[in-house]
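Okay, structure first, notes after.
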Amino acid sequence: MDKGIPELVQDFLDGDQRAFETLVDRFKRKIYSLAFQVLGNHLDADEVVQETFVRVYRKRQELKDVRYFSSFVIRVATNYAIDLLRKRKGHSGIPDDTGSLPGEIQLDLSRRVKTPSEDFEKKRLMEEIFRALEQLPPRQKLTAILHDVEGYTKSEIAQTFDCPEATVRSNLHIARTKIKKILKQRLKSKE
Amino acid sequence: MTCHDALTLLEDYVDQELSAGTEAQLKKHFAECAGCRREFDSALLLKELLGQHKPRDPGEDYWSETTALIRARTTESLRQSTRVTDITASRSLERGAFTRSLVSVAASLVVLFSAILLGTGHEQRLARINATEPPVYIAAALEEVVDSDNTVIVTRDENERLTHGMLLLGAPGSIGRFVSPMVMASSTD
Ligand SMILES: [Zn+2]
């Protein structure tokens, strides 16, 4: 039977190189997916994957509790991804307002008709969402990606960012609201 | 439940974090309020779309290459930490070499002083030899050295000279000592 994460982490901390490699196997896809969402390209995602595990390896003594390994890895990855994001683009110019939801996009988003063009419509929406995500400040972007894309719970994200769950909740709400707003503006400008 | 209440709870509903009771109240409101219902639908769709926003897996070739790179870089850091021990070990080796060189210097000094002492002791012995019967220092059988077909390789004379030479200059690798050939010749006869 496969060893559980805490057991593997303990083995890794005890100096077992193979346990570390198994942990890399278990987490690499999550990190890649996360990094790709944040940075939007394979090369940067690849850099985040490698750098994350090398840093986790070197910083292993900082891990106080084996149960928090997942948060530890995600934190290392998100910190590196944010650094890289800032290096690539500079600070995001999106203002931090949480304006109300416009009506048009609601109609677009709530249209769930089963037509042959649905796939195309969906693909177009996905592209727009990705561009909208790109415009969010790093913390909000990461919160939305971790929660809505990668499926992490709010408490896991709070652990990762070392902040209260209320902050995660609020960041997520702001991110979602902004995505909808940006989507609305994009769709409107194309009309 | 007001529209404000419904919209406040909407995201928790999308995230399936509401109690059964609150969820039932919210559903009731959505059934009665088209505006809130649309809000809910768009929030749900956005979450669904984000959930599908996963990048394509880069494939097994990429992963085997990447894990190999990570392995190389982490065992590299492991090697770096061993390198520290290596340095420490080589440093102790250097210390060992220094000790060894000290020992060899001391040994050469011992040899030098022994040689001086032996030298003086030898003069005293030589004086004794001249005064009394010469003692036998070495006994060597001075015979011909022949090959399997009885051809002489080293004659008795040659062997004697060789032995004298060895006693005068020392056998290869030994420290030579001066002994009067006459004395040696008379003692070996
Ligand atoms: Zn309402």
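Contact map, the stretch B:1-22: first residue closer than 14 Å to B:CYS33 by Cβ, second residue open to solvent by 80 Å² or more (accessible area, probe 1.4 Å) and among the hydrophobic types (A, V, I, L, M, F, W, C), Cβ cut-off under 9 Å, separation 6 or more or different chains; pairs are B:LEU9/B:MET1.
How many residues does the stretch B:16-30 contain that are open to solvent by 90 Å² or more (accessible area, probe 1.4 Å) and either more than 27 Å from A:TYR152 (Cβ to Cβ) or near the ligand (Cβ under 10 Å from one of its atoms) (or both)? Before you say what the answer is, go through the steps one by one.
Step one: of the stretch B:16-30, the residues open to solvent by 90 Å² or more (accessible area, probe 1.4 Å) are B:16, B:25, B:27-28.
Then keep just the ones that are either more than 27 Å from A:TYR152 (Cβ to Cβ) or near the ligand (Cβ under 10 Å from one of its atoms) (or both); that gives B:25, B:28.
Residues that pass the stated criteria total 2.
Scanning the stretch A:31-81 for residues that are basic (Lys, Arg), within 12 Å of chain B (Cβ to nearest Cβ) and free of Cβ contacts under 8 Å to residues at least 12 places away in the same chain turns up just one, A:ARG58.
Residue-wise test of (1) open to solvent by 30 Å² or more (accessible area, probe 1.4 Å); (2) of a type in the set (Gly, Ala, Ser).
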| residue | (1), (2) |
| --- | --- |
| A:GLU21 | yes, no |
| A:ARG29 | yes, no |
| A:SER33 | no, yes |
| A:GLN37 | no, no |
| A:ASP44 | no, no |
| A:PHE53 | no, no |
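Per this entry, B:LEU7 is not counted among residues that are within 11 Å of the ligand (Cβ to nearest atom), away from every other protein chain (no Cβ under 13 Å), part of a helix (DSSP H, G or I) and of a type outside the set (Ser, Thr, Tyr). If only residues of the stretch B:1-15 that are of a type outside the set (Gly, Ala, Ser) and open to solvent by less than 30 Å² (accessible area, probe 1.4 Å) are counted, the one that is farthest from the chain's Cα centre (by Cα) is B:LEU10.
The values are calculated or read from the model by the stated rules, or taken from the named source; none is laboratory data. Because the structure is a prediction, the values reported are computed rather than measured. Cβ atoms come from the backbone with ideal geometry, glycine included; neighbour counts cover every protein chain shown. Heads up: the accessible areas ignore ligands, DNA and RNA and are worked out on the full protein's heavy atoms, side chains in. Shrake-Rupley method; radii C 1.70, N 1.55, O 1.52, S 1.80 Å.
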